[in-house]
Every structure is written in structure tokens, then in C-alpha cells.
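What follows is a single structure, written as C-alpha cells, with notes after it.
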Amino acid sequence: MTLAWWLVLILASGLISTLVMLSFERRKAAEEDPARQRYYAGLRAMISGDSESAFQRFKESVLEDSQNVDAYLRIGDLLRDRGQAQKALSIHQDLASRGGLSQEELLSIRRAITEDQLALGQTDDAVRGLTELAEEREGQAWALARLHRLCLEQGDYEEAYKLRQKLARLGDVFDPRIAALYLTLAGVAASDAGQHRRGRVLIRDALKQHTESPAAHYYLGILYERDRRPEDAVRAWKALLDHTPRLAGLVFPPLEKVLFDMGQYSEIAGIYQQVLAADSVNTDALLGLARFSDKNGDHQAALGHLARTIEIDPGNLVARQLLVQIHRQEGHEDEAWQAALGFFTWLPSNTGAFRCRNCRHESVEPRWFCPQCRRFDSFDMGSRKSAAAVSPVDATA
Ligand SMILES: [Zn+2]
């Protein structure tokens, strides 16, 4: 090796060690950079849910480093969370007008601005921003999901349905049964606004998504009834009974009323029997038969249906009440007394109406969409309880 080569080698190794030392120094500097330190402390505070100290740390960090876009972004978000959306919006808008932002930063800022606008009730502006984002490739899924949530909040189920479809094309799961619920609710909303025909079209679309949809059949009947088409209403409810006999109790009340108004009330007994043929423990059908027999003066048959009802569902107070009544009418004093005792034994249980599994919201009407927590299909609609599910308190009846 020549001297020149030795020289090159020595110089090169010197250069490398200098570079290594330099990068080490720089890293050390970054670690000690107080603005960075405060920013990281802010992030840590956010992760542990301490938004107050996060807010303080971010504020301290931007005082020393006004180039920290993310810290500013988060200060704005925290202000919005505290109810100071106007301040948040001006911070985010200032950020957006800065030069030299990365695409990712700009996207985050635009999202934050729409949230500020929504918090301020500037819905039109927010929707415009979200619609723009939804048309771009980056941030599309987020914008669609945000618009979807907004539509549900505003009760615009048809638009929400379209947005869910778009999200499904991006890979989201959209169960046809849930799709049918969106369309059903859209149909009901259209009918509520006076457009009964449009409402029915939407509900038929729902049935194309999910033929058995109890919600769709139930509301199709309601919409026909609103439009004074009782025969069609009866047909819709019978379709529900065919597909999901266990939910028969949902349509019996309107069905009984419509058949009565049409002068065809006697038909109802056959319907109860049909339901029982498909679902032998359907206490709603049994109770219907009991009432029907009672009205026709056949107390013996009524008592038989009631006994079977109580065998299946000991906590069924409606059955027990009717039992007391019929025994009294028959002059069975002892039995009436026993039945009354049974009624009171079971009084605390089995009260209330339909309840949301998710948020416990209660409703006297059947629901397939929770107005409180905005979940679909979260209500337990089976009014029948199997005997095994009820607590084994001794029922004296
Ligand atoms: Zn709920």
C-alpha cells in the first residue's frame, strides 16, 4: 500500500468518527430540546386521559417552538372539547393558512376544522368540508364515516344508508339485515313527512335486502294503515307472522284493531292458531286465544290457554290478571283468590317495555333503532320468556 492510500484511509476514518460524534450530539440536543420534551409530555398526558395537563404542556411547547403543527392542532382540539369551539376554529384555520404543511398535516387540520364547525352548529360548512374530503382518496373513509354519523344524528337514514354503501365499497361490513333497517327507517321518515308512497317504496327496497326483516314488515303494515289500505296492512303483518312467528306479539295489537275495524275480527283466532303451529310456546298467541275465547263466553277454553301461558311464562301478569277475572266471573272464589296471590307473587318482575341491551333505554313501542345510543337492532323484542329463564319463585296459581 502506498503512502497516499494510507493517507486516504486515515482521513476517511477521521471523517467517519466525526460524523458519528456529530449525529450523537444532535440526537442529544433533540432529547434535551425543552419544547420537544414538553410536547412529548403533552402526548403522554393525553394518553393517560389527563387533558388539562396535556393542554398546559402543548401550550408551553408552542411558546418555544411555533413550528410544531401537531401541538397547535391538539390545543385546538382540546379547546373544542372544553366548549371553546370558536377559539379552536380560529387556531385550526390559522394553521391551515400556513405554508409548508405536509399533506398529512393539512388533512388533520381540515378534519379538525369540520369538527369545530359541527360543534359551533355551522353544519352546512362542515358538510361542505366533509363532502370535499370524501371525494379525495386520503381521508375518504374518515369523512364518509363522519358524514354517516351526522346523518344518523339528524335522522336522515336514506343518506346514511348511501354513505354506509360507500363505506362498504371501501371494505366496511354492511350486513343486509342492518341495511334493511336503514331503509325501513328511511321509509318511516318519508311517511312521517307525508310521503306514504315513497315510504313504502323504501320499505320494499328494505325487503329486497332482507326478505324476513321484521321491522320492514311491521312498518309496511303501519304505512298501509296510514294510507287507509287495511287489507294491505293485514297482508304485511301476516308476512311478519310467516317469517318470524316468535315476534307475533308485535303485530297482534295493530292487527286485531284493523281486523276489528274491517269487521273481520273472527279471523284473528285462526291467525293465533297458525302462529302456535309454528311456535308452540308463543304466549302472545296463547293470550290472544284466551281473550278471544273469553269474549265469546267460552271461559273453559280461555282458562286452558291461560294455564298453558303461565306454564310457559309464570311471570306473565297479563295472563294472571285475566285468570283472576275469569275465575271471578265464573264464581270460583278459591281459584280467583289463588290466582290473585299468583299475580302479586310475580308483580315485581316482568314490568316495563322493550329495553336497549346497550344503554338500557326503554320504549313502550317496538324499536329496531335506539334513539339514545343510536345502535341498530339493540332491543330485545321477544316478549315471551321461556320458563327456564324466569327465576324459580313459587307461583301459587
Ligand atoms: Zn340504546
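Readers should treat all values here as calculations from the given coordinates under stated rules, not as data from a laboratory. Nothing here was measured: the structure is a model prediction, and the numbers come from that model. Reconstructed Cβ throughout: ideal geometry from the backbone, glycine too, with neighbour counts over all protein chains shown.
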Would you calculate, for the chain, the mean residue ellipticity at 222 nm contributed by helices, counting each DSSP H stretch of 4 or more residues as -39,500 (n - 2.57) and dividing by all residues, to the nearest 500?
-> -23000 deg cm²/dmol
What full-extension length gain, to one decimal in nm, is calculated for Glu333 and Lys208 as 0.36 nm per residue of separation minus the Cα-Cα distance?
-> 39.5 nm
Mean Cβ count within 10 Å, highest first, over the residues of peptides 79-90, 318-329 | 318-329, 79-90
Could you check the simple spin-label distance between Ala168 and Arg235, using points 7 Å along Cα→Cβ, in nm with one decimal?
-> 2.7 nm
Which is the longest stretch in the chain that no exposed loop site breaks, taking sites as GluC sites (Glu not before Pro) with a DSSP loop state and at most 15 other Cβ atoms within 10 Å?
-> 1-135
Taking Lys295 as the anchor, which aspartates and glutamates have their alpha carbon closer than 16 Å to its alpha carbon, excluding any fewer than eight residues away along the same chain?
-> Glu256, Glu267, Glu330
The answer for Phe379, listing residues at least 5 apart or on another chain whose modeled amide H is closer than 5 Å to its amide H, is Arg357
How much length, in nm to one decimal, is gained on full extension between Glu138 and Gln84, taken as 0.36 nm per residue of separation minus their Cα-Cα distance?
-> 16.6 nm
When the convex hull of the C-alpha atoms of the stretch 158-212 is computed, what volume per residue in Å³ does it have?
-> 60 Å³
Please provide three numbers in whole Å: the alpha-carbon extents of the chain along the principal axes, with the largest listed first.
-> 123, 53, 50
Going by how many other Cβ atoms sit within 10 Å of their own, how do Arg57, Arg44, Arg360 line up, fewest first?
-> Arg360, Arg44, Arg57
